[in-house]
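Every number in this text was worked out from the coordinates using simple rules, so none of it is lab data. Bear in mind that the values here come from a model prediction, so they are computed numbers and not experimental data. Here the Cβ positions follow ideal geometry from the backbone for every residue, glycine too, while neighbour counts run over all protein chains shown.
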Amino acid sequence: MGMGGVGQDVALQRGYQDRWTSIPVAMLRRSRGGGAASASADPVHSSSPSLFPTPYWYPQLRWVFVITPTHRRFTQRLDLVRLGNTLGHVDNVYWVLVEDSARRSHKVDRWLNASMVQHWAHLWRPTRGRWQVRGAQQRNHGIAQLRQMINEETDQALRKAYQDGVVYFADDDNAYDVALFDQIRQVRSLGAWPVGLCGGHFVQRCIVDPGTGKIVDYIAWNARNRKFPIDMAGFGAHVRHFLSPDSPEDVPMFNVSSMSGQLESDFIDGFGIPLAEIEPLGDNCTKVNVWHVRTAVENFTRYSFDELFDV
Ligand SMILES: *[C@@H]1O[C@H](CO)[C@@H](O)[C@H](O)[C@H]1NC(C)=O
């Protein structure tokens, strides 16, 4: 069963699918010049249920699987709008949006269906247990569903393309340049790049030895006490690391009880790749294509803000 299942039923009910009976204009407009989405490549049609809502994809272009945990708050739609507007411009992006919620929220569902994001799955998973790292269970749920979707894909060409994709964990409150996705597509096994305005630094980044071209150090928050001082937004991994159908428990997963500040480091440790073997991307860790933003507002959560306003 495809991940789009639930959203798909809803979309069909509401007739949203009608929008995609021809190739959307957004897909024909190429992303910025020089990107991997070359102007000569045409999209192909697939009837796979996983390709929801747009039944077209680009065989020449690697897939990027974007896993995003999200939770209800005053700025949720604001943040989702900004991320969705970026993703809507990028071809062969598969967005796995996982709500921290016991049920699908109508607001998020309504917004997703109206968004221009070409391929998405809407999942939900409430955080269980105390002292859990926020978003960890949702990211793990996204990984598990992605593995299932790819391993069960029946369109052989699409499955093969999925199996060469890259996984990226995009939190919903950052700002992303569309150029980041071309950078993510360069990942061969595990790649890292700079993140702007992160952890008390203008730029949190890897340091590359000009002689060897390898990562030798990091300028980052608490770099001395983290084995891999890399932010959630600052790395991508080949999807093959997550696909082992025989022993899913052996694939890298987020530790829901990681110590404060150690979530990414613990997770990256699970790949078994030494720091010096991580691929430095973003022009040898000098080009910033993603920034922390932190839409800071008063905490309205105890008010029923989304009953008062459609926000
Ligand atoms: C990165 O650094 C290596 C080693 O100095 C160099 O060979 C390579 O051209 C650099 N790449 C970019 C994109 O700047």
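If we count every other residue with Cβ under 15 angstrom of residue 160's Cβ, Lys/Arg +1 and Asp/Glu -1, where does the sum land?
Working: positive: 62, 159, 240; negative: 152, 153, 155, 164.
Computed value for this residue: -1.
For residue 250 and residue 189, compute 0.36 nm times the residue count separating them, minus their Cα-Cα distance, and round to one decimal in nm.
Net length gain for the segment: 20.3 nm.
Leaving out same-chain residues fewer than 8 places away, which aspartates and glutamates sit with a Cα under 20 Å from that of residue 214?
Cα-Cα hits under 20 Å: 231, 269, 277, 279, 283.
Once you put a point 7 Å from the Cα of residue 269 and another 7 Å from the Cα of residue 151, both along the Cβ direction, what distance in nm separates them?
Taking the two extended label points, one gets 2.6 nm.
Just in region 92-170: which trypsin sites (Lys or Arg not before Pro) are loop by DSSP and have at most 13 other Cβ atoms within 10 Å?
103, 128, 130, 134
Could you check the simple spin-label distance between residue 305 and residue 107, using points 7 Å along Cα→Cβ, in nm with one decimal?
A separation of 0.8 nm, rounded to one decimal place.
Can you find, among 222, 167, 211, the residue farthest towards the positive end of the dipole of region 154-224? Put +1 on the C-beta of Lys and Arg, -1 on that of Asp and Glu.
Value computed over the given set: 211.
Given a Förster distance of 30 Å, report the FRET efficiency between residue 260 and residue 293 from their Cβ-Cβ distance, rounded to the nearest 0.05.
Here the calculated transfer efficiency is 0.90.
Under a crude label model (7 Å from the Cα following the beta-carbon direction), how far is residue 277 from residue 219 in nanometres?
Inter-label distance under the simple model: 2.8 nm.
Going through region 224-311, which trypsin sites (Lys or Arg not before Pro) have at most 11 other Cβ atoms within 10 Å and a DSSP loop state?
In loop regions of region 224-311 (DSSP not H, G, I, E or B), the sparsely surrounded trypsin sites (Lys or Arg not before Pro) are 294, 302.
Taking region 88-150, which chymotrypsin sites (Phe, Trp or Tyr not before Pro) meet the DSSP loop condition and have no more than 10 other C-beta atoms within 10 Å?
Answer by residue number: 131.
Going by how many other Cβ atoms sit within 10 Å of their own, how do 308, 97, 197, 263 line up, fewest first?
308, 197, 263, 97
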